[in-house]
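One structure below.
Computed from the coordinates by the stated procedures, all read-outs in this text should not be read as laboratory data. Small disclaimer: the values here were computed from a predicted structure and weren't measured. In this analysis, Cβ positions are derived from the backbone assuming ideal geometry, glycine residues included, and neighbour counts consider all displayed protein chains.
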């Protein structure tokens, strides 16, 4: 495959998804019949995109297996074992996602091999590792996006816990205050996650009484109430206290490396990650929770959230640079009289239109594809130069070259 191909992508229906956001983006009937949580664009075996090729819809995974260098480019194919290194998504959260973290590459490889040896089916509910890859990710907000990301300062955790549950967790709070380091934080978190269900329920009940009194002065307590409404007896109700709470404004993005505990609470965003579906959950979910495995991959260091800086590439494109070697996320805006022309030195790209109307043209082949909100294409590395004309906004996934 050596030309631009229109994509048909899978919608993942999870309970926390929105009934309207993805259907409206795609121009489909809204509200949808079921909650639509994620739109996947890529070549993950669980749900590879289909590519329109010679009038037929063909799996992108199969096309890459047949033509890795044409689609990925020689360097990317060699570096990533002839696999598309990223997975591109639209994420639409109408309810909170689970508290979760993703393993490092070494942890994913070991966990995947271990569960294979144990004979756990890939689609089993108790499976932790769906593949052997790590999953660093970044997310860029399309709407105001509330999220939790990494452990907040230990001094803040102690102060907030003393307000929320001064008696029920008095011993644990005092111990954390006396040992304000990674080991102390791990002990505190482990104590919360592994205490008896009866005690968890008691401290949640106590904390919610205090949270209702404090909700007007701090969003942390307001979100505790929201989470308790969704998951009445889940210890994850305390997550806004021990994790950083942030609201990304449209256009703002952040990066999540391996081992960082996080959750998305509400909003719509563009998500770009390494090509993996490995998730270790700790709460706020009816899905499989494995606390010991989660504890083994978590980073228990205090973390300050950094908004990813935008680097101006040209008059139409700005990129969000992160630590990931698998991907770069960028936003492209074209207007009448101002077209976007791709650089000559480029990698395999997936381009998603989120608003407006435009056309994308492969100069060499002379082919032109009309695009509107929700349309996406793959641009193989074999395409030398392409141009986008019209009045529209796009998000682009690419690989650093």
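Data overview
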{"item": "FRET efficiency estimate (nearest 0.05) - Cβ-Cβ, residue 20 to residue 341, R0 30 angstrom", "result": "0.30"}
{"item": "Distance between segment 298-355 and segment 196-241 - C-alpha centres, whole angstrom", "result": "37 Å"}
{"item": "Overall form of segment 310-398 per C-alpha gyration tensor (a/c, 1.5; a/b vs b/c)", "result": "oblate"}
{"item": "Listed residues 336, 275, 133, most fluctuating in the chain (Gaussian network, C-alpha, under 10 Å)", "result": "336"}
{"item": "Residues listed by number, segment 263-283, amide nitrogen under 14 Å from residue 79 label point at 7 Å toward C-beta", "result": "274-275"}
{"item": "Residue 67 versus residue 312: modelled label distance in nm, points set 7 Å from Cα along the beta carbon direction", "result": "3.7 nm"}
{"item": "Residue-span extension gain [residue 29 to residue 181] - 0.36 nm each, minus C-alpha spacing", "result": "49.6 nm"}
{"item": "Added length on full extension, which subtracts the Cα-Cα distance from 0.36 nm per residue, residue 301 to residue 197", "result": "34.8 nm"}
{"item": "Separation of the residue 206 and residue 229 label points, Cα + 7 Å toward Cβ, nm", "result": "2.6 nm"}
{"item": "Contour excess over end-to-end distance, with Cα ends at residue 219 and residue 391 and 0.36 nm allotted per residue", "result": "58.1 nm"}
{"item": "Length-normalised contact order for segment 154-238 - Cα pairs under 8 Å, 6+ apart - percent", "result": "26 percent"}
{"item": "Max mean-square fluctuation residue, GNM over the chain, Cα-Cα springs under 10 Å, options 338, 193, 224", "result": "338"}
{"item": "Largest-first ellipsoid semi-axes for segment 140-279, taking √(5λ) over the Cα gyration tensor eigenvalues, angstrom", "result": "26, 18, 14"}
